[in-house]
Amino acid sequence: MKKKSFPHYSILLLAGIIFFNSGCKTETNKTEYLRKVLSNIEEVRSASYLSKMSGTAPGDTTKFKTTEWLKKEYVNSADTSIGSGYIWFYPEDTAKVYLYYDGAASAHFNYDNMSVTIDSFNTNKLPFRPVSSPFFNHAKNIIKYALETKDSITVSLEDYGDSARIIVYNPSTVVYFFGKPVVMPNPYLAEGDAFVRYDIWINTKSKLPYRIMTRMPHTSYIETCSSLELNMIKTEDLIAADIIPDNFEIMVRGSRQPVKVDLTGKAAPDWSLKDSGNMTVGLEDMKSRVLLVEFTGIGCGPCHAAIPFLKQLVKDFKDKDFGFVSIETWSSEIEALGKYQKDNELNYTFLKASEGLTKKYEVNGVPSFFILDRNRIIRKIIVGYEKGITDKELTNAINELI
């Protein structure tokens, strides 16, 4: 295997025509290779494939969550946002749609309550549409960024014979792709922690990507596509109105929704869960006068940012009849929980959520904090985390009950 790594600003400076040769020709060969891959991707007008998506914790390779979808994407030149449309189907039942974007709106389907939520972006205040790019669109924009950006990045190539890997690394900025590259300030990152790395695996024969890994300070995730069919989709068969089942309730994102019942003042739903050592821990086992319960997610930026405060909170209230338990909702892998607990040196109970527990607690986002009194009545609920502000809010609420 040959492996070369070069700073981006030198990509256009050297000459050569044979990609995997060594010597002074390698840099231009790398550029030509990227351009060839980009050209091939731009020939993909539509694609259908099985997508396997896995997430890992920062600096870890243990998968904490894996999902599979049948995805269809197509070039939509009328869309000035990402320039593509897409539909995600459940692979076990391809008549059921999970998500779609058609340039005018996106929609998320919920088969539990027989509804679809439409987002036409009328209330979007961002300078771009927060729409995730589908696989080939994403790969195309990463490679264009590697070839065109003035950022101080490193672009590398690795040759494995039947495949190659393009590595695009920005050591100081988190760059997302919503069609075009976007840099968003992240309040959950400590100063100097920002970086992003994109790894794209290329099939040597077709010169097309089949896997993309994204690594950021708070999470890593990888998407692999297989059973690929190219340029076979008729976009007229993907009309949004024909996809929504007749018996589904249509809701509009941003419109006023019915307020859910508030659990404040009610008894906390009971639970009995497994910890990272596969031991069972129940709510009744928590004997402290005040109990803080957090619903969290491995790979969630705000959740990860809250860890230093929560560890200090446990230390500060060590002798004050206070208990804290964190419940993981994104991953069902015990091994991943144990690795995450060890890597972050958690000094508190870390449990795996059971099926349906988040519904009992009406958790719609993480982190969510529930403060319980000695009788296990929910006295306060705090959703989200903002350093300093949430710290003070939680501390004050706990002090009021101790």
- Message: Can you compute the radius of gyration and Dmax for the stretch 343-400, using only the Cα atoms, both in Å?
- Response: 12.8, 34
- Please express the Cα-Cα pair-distance distribution P(r) of the stretch 272-401 as a list of whole percents, one per 10 Å bin, running from 0 to the bin with the greatest distance. 12, 49, 36, 3
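Helix-only estimate, please: 222 nm mean residue ellipticity of the chain, summing -39500 (n - 2.57) across DSSP H runs of length 4 or more and dividing by its residues, to the nearest 500.
One gets -6000 deg cm²/dmol as the mean residue ellipticity at 222 nm.
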- Item | Distance cut-off 31 Å, percentage of C-alpha pairs in the chain lying past it | 48 percent
- Between S115 and I389, what length comes free when the chain is fully extended (0.36 nm per residue of separation minus the Cα-Cα distance, one decimal in nm)? 95.1 nm
- Given a Förster radius of 41 Å and the C-beta distance between I250 and S272 as r, what FRET efficiency does 1/(1 + (r/R0)^6) yield to the nearest 0.05? 0.60
- Report the label-to-label distance for V182 and N231 in nanometres (one decimal), using points 7 Å from each Cα along the Cα→Cβ vector. 3.1 nm
- Query: So if we plug the beta-carbon distance of E158 and K207 into 1/(1 + (r/R0)^6) with R0 = 22 Å, what FRET efficiency do we get, rounded to 0.05?
  - Reply: 0.90
- Note on the structure: To the nearest 20 debye, the chain has a Cα-centred charge dipole, built from +1 on Lys and Arg Cβ and -1 on Asp and Glu Cβ, of 820 debye
- Task: Could you please rank I298, I378, placing first whichever residue has the fewest other Cβ atoms within 10 Å of its Cβ?
- Result: I378, I298
- Return, for the Cα atoms of the stretch 98-239, the radius of gyration and Dmax in Å, separated by a comma. 17.4, 49
- Message: For a quick check of your reading of the filter: which trypsin sites (Lys or Arg not before Pro) in the stretch 136-190 sit in a DSSP loop and have no more than 16 other Cβ atoms within 10 Å?
- Response: K150
- Karplus (6.51, -1.76, 1.60) ³J(HN,Hα), θ = phi - 60°, over the stretch 138-152, in Hz, Gly and Pro reported as x: 5, 4, 4, 6, 5, 5, 4, 4, 4, 7, 10, 5, 9, 5, 7
- Given the options K266, K65, K274, state which has the largest fluctuation in a GNM of the chain using a 10 Å cut-off (strictly under) for Cα springs. K266
- Task: May I ask you to compute the full-extension gain from L263 to D316, defined as 0.36 nm times their residue separation minus their alpha-carbon distance, rounded to one decimal in nm?
- Result: 16.3 nm
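The numbers here are math on the coordinates, done by the rules we state, and not lab data. Computed from a prediction, not measured in an experiment: that's the story for all the values here. When we count neighbours, we look across all protein chains shown, and the Cβ atoms used for this are built from the backbone with ideal geometry, even at glycine.
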